[in-house]
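Undergrad: Attaching a single structure in structure tokens format; questions to follow.
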Amino acid sequence: MAGYLFQPERALHWLAKSKNESFIGIETEDDIVRKSFENGEPNVYEQDKHSISNNIPFGDTSKDLWNTLCIWLKKCNELNFELENTQFHLVTNKIVEAGWILGVKENNSDQKIKQCIEKLKLIAQDPSDSIRKYVDTVFAYSDEQISSLLCKIVLCDGSTGNHGQDLKEDLKSLLLIPDDVPFDEVYNSLLGWVHVTAVTCWRQKTPAWLSRQKFVVFHQNLLSKYQNKRFLETSKELIVLSEIEKEEQYNETFVQQLYLIAIEKEEDILIDAIEDFLRCNYERTRISVDGDITEPEMKMFDDNLLDRWKMIFADLRRKYRRESLNSSDIDILGEDYGLNIFTDTMNHKEPLAGQPTEQFYITRGSYHRLANHADLKIGWHPEYKLLLKKEESH
């Protein structure tokens, strides 16, 4: 699947751009194909060449160009093919600044198309071995047949905003995504739908055709999901933490609680805990200041977390005490059970104000806030209160 990383973006572009009922194919009759079933929108056959090298696709003597011409000439001359209602798109992320293909891009008269054909013949006079068979195939067709194709070719290079951030901005406009909806999350979800739908078809050994109608339903449901939310969570990547902030937390009680279950300073699990704690503090402050969540709702959230922890803690602490009667190393036993209490507690996303949460750091950070409380509301080690009080007395 050459260039597949480029193709879901292009498929999403056509799904968003199409107005009528249509199907978008990935690696079907071309890299991307749009089949429209209503008047007003042309069918489209698209060749996608995404490159990270300095080579410019569709150069005069490139295999990309000549093979594409072969494919499209064959398609144009199939029985009952609707050439009048079809466009052929050459798409690349590179900016094409020279070459024969620019003449095709700019053709607007029969005379210019004839000039393009004559120039193509000059290029083909001494072909390399890598393109010879494609050149021979192209010129097995008549000038009239070649001309019919050339007037239908559209060049979309890197100057037309067909990839990356420019394409995303275009999609935001086409999809009518409001400013208060997190565009990146919607965009990634839509790309995921394209990818999963295509892969599912291939696994079932069927062509990957994506229905515009099904896409619209998925898109509308996705927008409703965000628009009906009382609050939107900030992605953890967008809450930037400084090293100074993180370093300041090592003397906090919630970190001492992790030390009790043998989690050391440089371990990822402890660093993640500090980051969850800080991000949670930022987010809880933000949604409270914005008025999205009331203080009673936030208290209920914490109470629910506390109730859930009590059930986990009581069950594992009972098992710990039974095993401790015959344990040869009570310290290790306590650390192991403490880690089990911690991991069972943290593997959870608690709803907030009746709305499911998506970011783990909100639940996990809130647990660390409770573990940091002066009254030691929760802890991980089965004997956490006793051990912490011993440390305070030293």
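The values are calculated or read from the model by the stated rules, or taken from the named source; none is laboratory data. Everything quoted here is computed from the prediction, not taken from an experiment. We place every Cβ from the backbone using ideal geometry, glycine too, and count neighbours over all the protein chains shown. For the accessible areas, the whole protein counts, side chains as well, though only heavy atoms, and no ligand, DNA or RNA atoms are used. Shrake-Rupley method; radii C 1.70, N 1.55, O 1.52, S 1.80 Å.
Undergrad: Mind listing whichever residues of segment 306-342 are under 14 Å from Leu260 (Cα atoms) and under 42 Å from the mean Cα position of the chain (by Cα)? Talk me through it step by step, then tell me what you get.
TA: Let us first name the residues in segment 306-342 that are under 14 Å from Leu260 (Cα atoms), namely 330-342.
Of everything in segment 306-342, those that are under 14 Å from Leu260 (Cα atoms) and under 42 Å from the mean Cα position of the chain (by Cα) turn out to be Gly334, Glu335, Asp336, Tyr337, Gly338, Leu339, Asn340, Ile341, Phe342.
Undergrad: Out of all the residues in segment 152-165, which are part of a loop (DSSP other than H, G, I, E, B) and surrounded by fewer than 16 Cβ atoms within 10 Å (Cβ to Cβ)?
TA: First, the residues of segment 152-165 that are part of a loop (DSSP other than H, G, I, E, B): 152, 157, 161-163.
Gly161, the sole residue that qualifies.
Undergrad: So if I check each of Arg284, Arg317, which one is open to solvent by 40 Å² or more (accessible area, probe 1.4 Å), part of a helix (DSSP H, G or I), in contact (Cβ under 8 Å) with a residue 24 or more places away in the chain and not acidic (Asp, Glu)? Talk me through it step by step, then tell me what you get.
TA: Values: Arg284 fails: open to solvent by 40 Å² or more (accessible area, probe 1.4 Å).
The conditions single out Arg317.
Undergrad: If I filter segment 62-72 for residues that are without any contact (Cβ under 8 Å) to a residue 12 or more places away in the chain, open to solvent by 30 Å² or more (accessible area, probe 1.4 Å) and either assigned to a loop (DSSP other than H, G, I, E, B) or closer than 20 Å to Lys152 by Cβ (or both), do I get at least one hit? Outline the logic, then answer.
TA: From segment 62-72, those without any contact (Cβ under 8 Å) to a residue 12 or more places away in the chain are none; that's our starting set.
Within segment 62-72 (the criterion being without any contact (Cβ under 8 Å) to a residue 12 or more places away in the chain, open to solvent by 30 Å² or more (accessible area, probe 1.4 Å) and either assigned to a loop (DSSP other than H, G, I, E, B) or closer than 20 Å to Lys152 by Cβ (or both)), the answer is no, since none of the residues qualifies.
Undergrad: Of everything in segment 36-61 that's among the polar types (S, T, N, Q) and more than 27 Å from Glu97 (Cβ to Cβ), which residue is most open to solvent (accessible area, probe 1.4 Å)?
TA: Ranking the candidates gives Asn39 first.
Undergrad: Modelled with pLDDT of 90 or more and not in a loop (DSSP other than H, G, I, E, B): does that describe Glu29? Quick ask: steps written out before the conclusion?
TA: Working: modelled with pLDDT of 90 or more: yes; not in a loop (DSSP other than H, G, I, E, B): no.
No, not satisfied.
Undergrad: Could you list, in sequence order, the residues of segment 233-243 that are outside any helix (DSSP H, G or I), under 18 Å from the mean Cα position of the chain (by Cα) and not hydroxyl-bearing (Ser, Thr, Tyr)? Even if it seems obvious, please write down each step before you answer.
TA: Here is the first cut: in segment 233-243, the ones outside any helix (DSSP H, G or I) are 233-235, 239-242.
Pick out the ones that are also under 18 Å from the mean Cα position of the chain (by Cα) and you get 233-235.
Result: Glu233, single match.
Undergrad: Scan segment 192-214 for residues that are surrounded by fewer than 16 Cβ atoms within 10 Å (Cβ to Cβ) and either among the hydroxyl-bearing types (Ser, Thr, Tyr) or under 25 Å from Thr234 (Cβ atoms) (or both) and jot them down.
TA: Gly192, Thr200, Thr206, Ser211
Undergrad: Could you check how many residues of segment 32-60 are within 28 Å of Ala124 (Cβ to Cβ), modelled with pLDDT under 90 and among the aliphatic types (A, V, I, L, M)? Lay out the reasoning, then the answer.
TA: Just the residues of segment 32-60 that are within 28 Å of Ala124 (Cβ to Cβ), to begin with: 32-33, 44-51, 53-60.
Now restrict to residues that are modelled with pLDDT under 90: 48-51, 53-60.
Imposing the further condition that a residue be among the aliphatic types (A, V, I, L, M) reduces the set to 56.
Counting residues in segment 32-60 that are within 28 Å of Ala124 (Cβ to Cβ), modelled with pLDDT under 90 and among the aliphatic types (A, V, I, L, M) gives 1.
Undergrad: Being outside any loop (DSSP other than H, G, I, E, B), of a type outside the set (A, V, I, L, M, F, W, C) and touching a residue at least 60 places away in the same chain (Cβ under 8 Å) is the filter here, so list the residues in segment 244-271 that pass it. Quick ask: steps written out before the conclusion?
TA: Narrowing segment 244-271 to residues outside any loop (DSSP other than H, G, I, E, B): 244-247, 253-259, 268-271.
Filter once more, keeping what is of a type outside the set (A, V, I, L, M, F, W, C): 245-247, 253, 256-257, 259, 268.
Result: Thr253, Gln256, Gln257.
Undergrad: Given the conditions (1) closer than 23 Å to Gln256 by Cβ; (2) part of a helix (DSSP H, G or I); (3) touching a helix residue (DSSP H, G or I) at 6+ places or on another chain (Cβ under 8 Å); (4) of a type outside the set (Lys, Arg), report the number of the one that Met298 does not fulfil.
TA: All conditions are met except number (1).
Undergrad: Got a number for residues in segment 152-165 being under 17 Å from Gln47 (Cβ atoms) and touching a helix residue (DSSP H, G or I) at 6+ places or on another chain (Cβ under 8 Å)?
TA: Applying the first criterion (under 17 Å from Gln47 (Cβ atoms)) to segment 152-165 yields 152-158, 160, 162-163.
Those still in the list that are touching a helix residue (DSSP H, G or I) at 6+ places or on another chain (Cβ under 8 Å) too: 152-155, 162-163.
Adding up the residues that qualify gives 6.
Undergrad: Tally the residues that are within 21 Å of Cys70 (Cα to Cα) and either β-branched (Val, Ile, Thr) or free of Cβ contacts under 8 Å to residues at least 12 places away in the same chain (or both), restricting the search to segment 148-176. Give the steps one after another, and end with the answer.
TA: Taking segment 148-176 and keeping what is within 21 Å of Cys70 (Cα to Cα), we get 148-157.
The next check asks that each one be either β-branched (Val, Ile, Thr) or free of Cβ contacts under 8 Å to residues at least 12 places away in the same chain (or both); those that pass are 153-154.
Residues flagged as within 21 Å of Cys70 (Cα to Cα) and either β-branched (Val, Ile, Thr) or free of Cβ contacts under 8 Å to residues at least 12 places away in the same chain (or both) within segment 148-176 amount to 2.
Undergrad: Sort out which residues of segment 346-394 are open to solvent by less than 50 Å² (accessible area, probe 1.4 Å), of a type outside the set (A, V, I, L, M, F, W, C), farther than 20 Å from Glu233 by Cβ and within 39 Å of the chain's Cα centre (by Cα), and write them in order of number.
TA: Asn372, Gly379, His381
Undergrad: For segment 184-206, does any single residue satisfy the condition of being within 19 Å of Tyr45 (Cα to Cα), in contact with a strand residue (DSSP E or B) (Cβ under 7 Å, 6 or more places away or on another chain) and not in a helix (DSSP H, G or I)?
TA: No, segment 184-206 contains no residue that is within 19 Å of Tyr45 (Cα to Cα), in contact with a strand residue (DSSP E or B) (Cβ under 7 Å, 6 or more places away or on another chain) and not in a helix (DSSP H, G or I).
Undergrad: Could you list, in sequence order, the residues of segment 119-137 that are without any contact (Cβ under 8 Å) to a residue 60 or more places away in the chain and surrounded by 10 or more Cβ atoms within 10 Å (Cβ to Cβ)?
TA: Applying the first criterion (without any contact (Cβ under 8 Å) to a residue 60 or more places away in the chain) to segment 119-137 yields 119-122, 124-126, 129, 132-133, 136.
Within segment 119-137, Lys119, Leu120, Lys121, Leu122, Ala124, Arg132, Lys133, Asp136 qualify.
Undergrad: Can you tell me which residue in segment 334-384 is nearest to Asn281 (Cα to Cα), limited to those that are in a helix (DSSP H, G or I) and of a type in the set (Phe, Trp, Tyr)? Please lay out each step first, then the result.
TA: Residues of segment 334-384 that are in a helix (DSSP H, G or I), as a first pass: 334-346, 360-371, 384.
Subset that is of a type in the set (Phe, Trp, Tyr): 337, 342, 360-361, 367, 384.
Values: Tyr337: 28, Phe342: 20, Phe360: 13, Tyr361: 10, Tyr367: 11, Tyr384: 24 Å.
That would be Tyr361.
Undergrad: Can you find a residue that is within 24 Å of Ala198 (Cβ to Cβ), exposed (fewer than 14 other Cβ atoms within 10 Å of the Cβ) and more than 25 Å from the chain's Cα centre (by Cα) anywhere in segment 1-20?
TA: Of the residues in segment 1-20, the ones within 24 Å of Ala198 (Cβ to Cβ) are 1-20.
Filter again for exposed (fewer than 14 other Cβ atoms within 10 Å of the Cβ), leaving 1-2, 5, 19-20.
Going one step further and asking which of them are more than 25 Å from the chain's Cα centre (by Cα), we end up with 20.
Checked segment 1-20: at least one residue is within 24 Å of Ala198 (Cβ to Cβ), exposed (fewer than 14 other Cβ atoms within 10 Å of the Cβ) and more than 25 Å from the chain's Cα centre (by Cα).
Undergrad: When you scan segment 34-64, how many residues do you find that are under 31 Å from the mean Cα position of the chain (by Cα) and closer than 20 Å to Asn93 by Cβ?
TA: Selection size over segment 34-64: 17.
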